[in-house]
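Bear in mind that the values in this text are calculations on the coordinates, not laboratory data. Computed from a predicted model, the values in this text were never measured in an experiment. No Cβ is skipped: glycine too gets one built from the backbone with ideal geometry, and neighbour counts run over all protein chains shown.
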Amino acid sequence: MGETLGAHVFRAKQIAGDFEARFGERPRIFHAPGRVNLIGEHTDYNEGYVMPAAIELGTFVAASPRTDRRLAVHSMQFDESCEIEIDAARPRGDWTDYVAGVAVMLERAGFRIGGANLLIASDVPLGAGLSSSAALEVAVAMALAPGPVEAPALIERRTLAKLCQRAENEFVGVQCGIMDQFIACHARAGNLLMLDCRSLEYAYVRLPGGVKLVIANTMVRHDLAASEYNKRRAECAMAAAYFGKSLRDVKLSDVDGAAMPDLLRRRARHVVTENARVLEARAALERGDLRAFGNAMYRSHASLRDDYEVSCAELDALVAMARDLRGVHGSRMTGGGFGGCTISLVEERHLDEARRALMRVAEVYVSSPAGAAVEIMDF
């Protein structure tokens, strides 16, 4: 944890220098983490259970106030700049929508914000299913509505997560659930977060020592990813209509006995069985049974592949490869699907071996569960 904080402070110093060169002022700097979901995929928008962790990759936003109602924004990742009129912001269909959308939702919620100069720097890979969008949203929200330096949390974190989700749903047009924004706001280093996406009650589940999160990026993103995500949400809504209640409240016996199209049955079966797997995985982790936790991960992947149909050949191959490696307790696709990443739970003593094997076909990131979004101080 100390090494990660040190790296963040070092990076913040670099970003502060870039900011001063561009805007001529010393900024405040905020950081929000990316996330990886260990189990509970496509359950968040069905009022179900999820178990994500924040990762050490994340997004920095450096900011200074302006006297007008404009956002002057530069993205180091895209090497692009733009100006956004807060009172006339409209979607443009690119990365700037995540910035503008957050500003609009803050205003609608009664948080009167001023103009700002913003410099964005991120090491979360785009399109990998590691929540680069939520990391950006949360860091921007903290930068646009900060409290005083001595008490920087102006907005209660649950409210912050909801506002950032609204920005993505209503402004960007992606019908994501609450998981990504919530973990960015509430993560705790060394822990997974068990979240009930209906009540937003949550608990921390400590990851035992001696294991690491190994993320393997296929580096592919199939074109149908975004459209199919919204399609799956619609299919779940249709399936829920057959039962007259949320899929969260449906039993597997109800699914098996329902007179409904097979496609909707399979979508419902994934959600119902995935919720059960999350509860099973939590119990396994709490008793230190990593083998049982990993088995739930493998079954989750099979359900995402067969019933929910959001995996792809590249993801399936990585999971199969991980399963044959020493020290791997479990592996599955993570994120929306159709490309992106797998997540594997790997014993540290076999980490180098697993990383070398996966690096032959994927870009690999190793992380411990990281902490929540913060203002970087003393840089």
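Taking N as the number of residues in the chain, what is its alpha-carbon radius of gyration divided by 2.2 N^0.38 Å? Each step should come with its number before you reach the end.
On the way: Rg = 20.5 Å, N = 379, 2.2 N^0.38 = 21.0 Å.
Working it through for the chain, the quotient is 0.98.
Hey, which lysines would be in cross-link range of Lys245, C-alpha to C-alpha under 21 Å, not counting anything within fewer than 8 residues on its own chain?
The qualifying lysines are Lys231.
From the C-alpha gyration tensor of region 86-135, pull out the three semi-axes of the equivalent ellipsoid (sqrt of 5λ each), sorted largest to smallest, in whole Å.
Numbers: eigenvalues 101, 28, 24 Å².
Working from the Cα gyration tensor, I get semi-axes of 22, 12, 11 Å.
How compact is region 27-89 by the rule of thumb for globular proteins, expressed as Cα Rg over 2.2 N^0.38 Å?
Details: Rg = 16.9 Å, N = 63, 2.2 N^0.38 = 10.6 Å.
Output field value: 1.59.
Quick one: net charge of Phe243's neighbours, Cβ under 9 Å, K/R +1, D/E -1?
Working: positive: Lys245; negative: Asp249, Asp254.
Every neighbour counted, the sum reads -1.
Restricting to Cα pairs below 8 Å that are 6+ residues apart, what does the relative contact order work out to for region 211-367? Please round to a whole percent.
On the way: 234 pairs, mean separation 57.1, N = 157.
So the answer I get is 36 percent.
Compute the convex hull volume of the Cα atoms of region 2-156, divide it by the residue count, and report the result per residue in Å³ as a whole number.
On the way: hull volume 21.6 nm³, N = 155.
With only Cα atoms used, region 2-156 gives 139 Å³ per residue.
Grab the Cα-Cα distance for Ala203 and Gln175, subtract it from 0.36 nm times how many residues apart they are, and report the gain in nm with one decimal. Let's see the in-between values first.
Numbers: separation 28, 0.36 × 28 = 10.08 nm, distance 2.49 nm.
Net length gain for the segment: 7.6 nm.
Going from the alpha-carbon gyration tensor of region 211-367, what semi-axes, largest first and in whole Å, does one get by taking the root of 5 times each eigenvalue? Walk me through the numbers before you get to the answer.
Values: eigenvalues 181, 74, 21 Å².
For region 211-367, the ellipsoid semi-axes come out as 30, 19, 10 Å.
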